[in-house]
Protein chains: 2
Amino acid sequence: MANERPQVVIVGAGFGGLWAVRGLAGAPVDVLLVDRNNYHTFLPLLYQVAAAELEPEAIAYPIRSILREMPNARFLLAEVEEVDLAARQLQTSVGPVPYDYLVLALGSAPHFFGVPGAREHAFTLKSMEDAIRLRNHVLGRFEAAQWQQDPDARARALTFVVVGGGPTGVEFAGALAELINGPLRRDYPDLDFRSARVILLEAQSTLLPGLPERLQQYARRRLEQMGVDVRLQALVEEIAPAQVRIRAGEVIQSDTVVWTAGVQGVPGADRWGLPTGRAGRVAVLPTLQVPGHPEVYVIGDLAYVEQEGRPLPMVAPVATQQGKAVAANLRRQLQGQELQPFRYRDRGTMATIGRNAAVAQVYGRSFTGFIAWVLWLGVHLFNLIGFRNRLLVMLSWAWDYFFYERVVRLQMPRLDPDGK
Amino acid sequence: MANERPQVVIVGAGFGGLWAVRGLAGAPVDVLLVDRNNYHTFLPLLYQVAAAELEPEAIAYPIRSILREMPNARFLLAEVEEVDLAARQLQTSVGPVPYDYLVLALGSAPHFFGVPGAREHAFTLKSMEDAIRLRNHVLGRFEAAQWQQDPDARARALTFVVVGGGPTGVEFAGALAELINGPLRRDYPDLDFRSARVILLEAQSTLLPGLPERLQQYARRRLEQMGVDVRLQALVEEIAPAQVRIRAGEVIQSDTVVWTAGVQGVPGADRWGLPTGRAGRVAVLPTLQVPGHPEVYVIGDLAYVEQEGRPLPMVAPVATQQGKAVAANLRRQLQGQELQPFRYRDRGTMATIGRNAAVAQVYGRSFTGFIAWVLWLGVHLFNLIGFRNRLLVMLSWAWDYFFYERVVRLQMPRLDPDGK
């Protein structure tokens, strides 16, 4: 594979990495995309895998299918272990990979803010394995409650605590409540559902911080109508096996604590000599380059960029736009042109709560209810990769909508037989 | 759950157990179905999961969905650890389960015939986890071959050995050859596919023993046309890491050996005092009852029944018919009527080889090629449970047929990161 063209290595096949690769199609470079999975995960719908609404395959897409139309791009399935900025080389699980230009789009990991027991005892929602493990566990708790004779243990099995009132926490709490009150009620006719509870804990005084107050209050009201116990200013102090302690001193007994309260840049970047700051993110120049390393770009959740004095959020649209921007800047750099500073165009934010219920802020306008929900459906279907995946997702959503049914209530495969 | 009605416990939600439950709908009994999984697996299509043709969800169906329409049936997710025939009680992973009548439909496990290393180093195709593990491994071997510099190691990665020329071996070898020669060739444009081989080893002198000679020869010819290296009278002597030794003294270097050469009744039955014979199967009376235990029935792969002096094969149609028969006999038994001996109606056997190619023997008539293939498709779609699963399977098959594409080329989820 000897050649004279510069080698661009892009690490991470999330939104940032994928759009960076696409933006380099036909450019006079060889692109190598490195990821630990052979598929791209559509993370905005991951919570629906965890809520037994979608099969994992519906939100995964083979990376090699995406690259087939790009003769100048190749793929390497590997874990990046180290970045040697001086030698311009990566250490990976399958050997060293040299680069001329590097784009790090490694994404984020859960941020536990040092809460004792959170890392050990809470479920997270950052990867396909996380989602499958959580789905299997939730379904398993109902199976356990069915034969459990001890009422306390049964209540613990049927109590689900979601930590974090951001979009992921709100969406998962809503989806979980609908799963329990619809399909699972029909699955377990003998079970007393009065002890089945979904509790959403948010440390701040409102859900969906950052959205207009009208949307925050709508989200809270709808969740409460769906039976979710929303608790604001409820800071988690400690998570132990089968219980959560919140600041008020209250202890909630629960077999299932899902942590969605924080994200940080993937660990490791500081070790490699990259300038990491708050939440482990790499502070980059406005051009998305690493200071002192014009050949290294960082994009997506791992990049720390401020705009109008505020850090950009760690969300898919930022990563997508940065992926496109980095490809454009790389093309400029190759031609000796001046690079352009990245500018995020915020089209809006949306979160779905349940059937016919969502909140959306689009180009500064606020929507709630059915309109927001249809907007949310459309945007997510449009952004999914692959016609077949769109079809699968539509099929599952239609099934749910018309038959109040979740078809993938499967504890499958067994990842760890003993559970968490 | 105290009640006066007899408790029928059915262990295993495969074809036998499921049809037994269905046959008891509305009967004056309480039925408890016990399985280690919360879903029914459509095993005849398991090899297509392993060949990245179908997603696991397409051939799995939630057991509780099946039981919803049966008010007298309940489900218990548990592993059966012991059967206490004297006390009429099961020991399960979640506690004791008493029964008045018991139907054991536990199925089968791989039979290695004592071949050294087979259990430790070969992949099997008996459960969803098996199929997912094998699919991930096969795809992973191509990823490894892509960066592997050592030509011997690369050849080992790209050599796939299927042991057993029965229907499962023939079907998987064909599906694997089509996966490799179609989608994977396009996925790995840089890879030299001359070293990619599928080798099918059969100890006897023909593939598909038991079928008419014309079908056997057709199957062999078609597999060879598809590039499968078919070796007859090739008895496996030993399987070691990355190699297979066959009787002729020849050693095949391969990272992937798939064992489909034999099945036996699930282990354990002998321990519980059931009269097990050849291949660990329980010899039952013609009524499917265990001798000396009129309240215990054994059906499906675990049951040993002779008809016209020959043992019935361990296949889905036998299990299905026995499930129906056992339900009918239980109804007779409850009413004090005389039980009926089971009689298997053999409608035929079929195996698919690849695109437009299958063999089928139906009511004594033989078919090959396109007609047999269409028959095979129709029978399998018809027997799948659930409208959505049929839709999913049809969708995947249509995609494959028209676009020569396998859409679920996903190494997901990671069951054991280090592989086998």
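Bear in mind that the values in this text are calculations on the coordinates, not laboratory data. Note that the structure is predicted; figures quoted are calculated from it, not measured. Backbone-built Cβ (ideal geometry, glycine too); neighbour counts: all protein chains shown.
Taking the Cβ-Cβ separation of residue B:250 and residue A:87 as r and a Förster radius of 51 Å, what is the calculated FRET efficiency to the nearest 0.05? So the FRET efficiency works out to roughly 0.65.
Radius of gyration (Cα atoms) of the range B:69-132, expressed as a multiple of 2.2 N^0.38 Å: 1.54. Could you please state, rounded to a whole Å, how far the C-alpha centre of the range A:346-420 is from the C-alpha centre of the range B:294-334? Here the two parts' Cα centres lie 45 Å apart.
Considering only Cα atoms, the convex hull volume of the range A:141-252 works out to 98 Å³ per residue. Using the Cβ-Cβ distance between residue B:205 and residue A:229 with R0 set to 56 Å, the FRET efficiency works out to roughly 0.20. Computed extension gain for residue B:94 through residue B:335, at 0.36 nm per residue and net of the alpha carbon distance, reaches 83.5 nm. Percent antiparallel among DSSP beta bridges with both residues in the protein assembly as shown, to the nearest 5? Close to 50 percent.
Once divided by 2.2 N^0.38 Å, the Cα radius of gyration of the range B:245-373 becomes 1.36. Quickly work out the residue A:391-to-residue A:347 label distance, labels modelled 7 Å from Cα along the C-beta direction, and quote it in nm with one decimal. The answer from the label model is 2.5 nm. Computed over every Cα-Cα pair of the protein assembly as shown and binned at 20 Å starting from 0, the pair-distance distribution P(r) comes out as 14, 44, 34, 8, 0 percent. Of the GluC sites (Glu not before Pro) found in the range A:186-270, those in coil by DSSP whose Cβ has at most 14 other Cβ atoms within 10 Å are A:250. Normalised by residue number, the volume inside the convex hull of the Cα atoms of the range A:298-343 is 65 Å³ per residue. Of the GluC sites (Glu not before Pro) found in the range B:278-322, those in coil by DSSP whose Cβ has at most 13 other Cβ atoms within 10 Å are B:308. For chain B, the relative contact order works out to 20 percent when only alpha carbon pairs closer than 8 Å and six or more residues apart are counted.
Farthest towards the positive end of the charge dipole of the range B:205-330, among the residues B:234, B:293, B:280, is the Cα of B:234, using unit charges on the Cβ of Lys, Arg, Asp and Glu.
A dipole drawn for the range A:83-159 from +1 and -1 charges on Cβ atoms has a positive end, and of A:115, A:95, A:153 the residue lying farthest that way is A:153.
Grouping the Cα pair distances of the range B:36-94 into 10 Å bins from zero gives a pair-distance distribution of 20, 32, 32, 14, 2 percent in increasing distance order.
Modelled spin labels at residue A:242 and residue B:5, positioned 7 Å past Cα toward Cβ, are 3.4 nm from each other. With the helix formula -39500 (n - 2.57) applied to DSSP H stretches of n ≥ 4, chain B reaches a computed 222 nm mean residue ellipticity of -9500 deg cm²/dmol. Evaluated at 10 °C with a viscosity of 1.306 mPa s, what Stokes-Einstein diffusion coefficient in µm²/s does the range A:234-297 have when Rh comes from the Kirkwood expression over alpha-carbon pairs? Estimated diffusion coefficient is 108 µm²/s.
Charge dipole (Cα centre; +1 on Lys/Arg Cβ, -1 on Asp/Glu Cβ; no other charges) of the range B:103-246 amounts to roughly 260 debye. Percent relative contact order of the range A:316-420, based on C-alpha pairs within less than 8 angstrom and at least six residues apart? Relative contact order, the range A:316-420: 12 percent.
Shown for residue B:247: label points 7 Å from Cα along the beta-carbon vector, and their distances to the equivalent points in the other copies, 7.6 nm in ascending order.
Considering only B:254, B:354, B:17, and ranking their Cα positions along the charge dipole of chain B that arises from unit charges at the beta-carbon of Lys, Arg, Asp and Glu, the one farthest toward the positive end is B:354.
With both residues required to sit in chain A, DSSP beta bridges show an antiparallel share near 50%. Note on the range B:165-290: antiparallel DSSP beta bridges, both residues inside, total approximately 65 percent of the bridges counted. Rounded to the nearest 20, the Cβ-based charge dipole of chain A about its Cα centre (Lys and Arg +1, Asp and Glu -1) stands at 980 debye.
Pairwise Cα distances in the range A:333-398 exceed 20 Å for 47 percent of all pairs. Expressed per residue, the C-alpha convex hull volume of the range A:189-284 stands at 162 Å³.
Sparse packing (at most 14 other Cβ atoms within 10 Å of the Cβ) combined with a DSSP loop state is found for the following chymotrypsin sites (Phe, Trp or Tyr not before Pro) in the range B:96-182: B:113. In the range A:1-143, the inverse of the mean reciprocal separation of distinct Cα atoms equals 16.9 Å; this is its Kirkwood hydrodynamic radius. Sorted from nearest, the other copies put their residue B:98 label points 7.7 nm away, the label point being 7 Å from Cα in the direction of Cβ.
Using a 7 Å projection from Cα along Cα-to-Cβ, the label point at residue A:82 is separated from the same position in the remaining copies by 5.4 nm, smallest value first. Taking only the C-alpha atoms of chain A, Rg followed by Dmax gives 22.1, 73 Å.
Binning at 5 Å from 0, report for the range A:72-228 what percent of all alpha-carbon pair distances ends up in each bin. Whole-percent P(r) values from 0 Å outward: 2, 7, 13, 15, 13, 13, 10, 8, 7, 6, 4, 2, 0. Taken about its Cα centre, the range A:330-373 carries a charge dipole of roughly 80 debye when the Cβ of each Lys and Arg holds +1 and the Cβ of each Asp and Glu holds -1. Pick from B:293, B:111, B:40: which residue has the top mean-square fluctuation in a GNM of chain B where Cα pairs under 10 Å get a spring? Result for chain B, Cα springs under 10 Å: B:293 fluctuates most.
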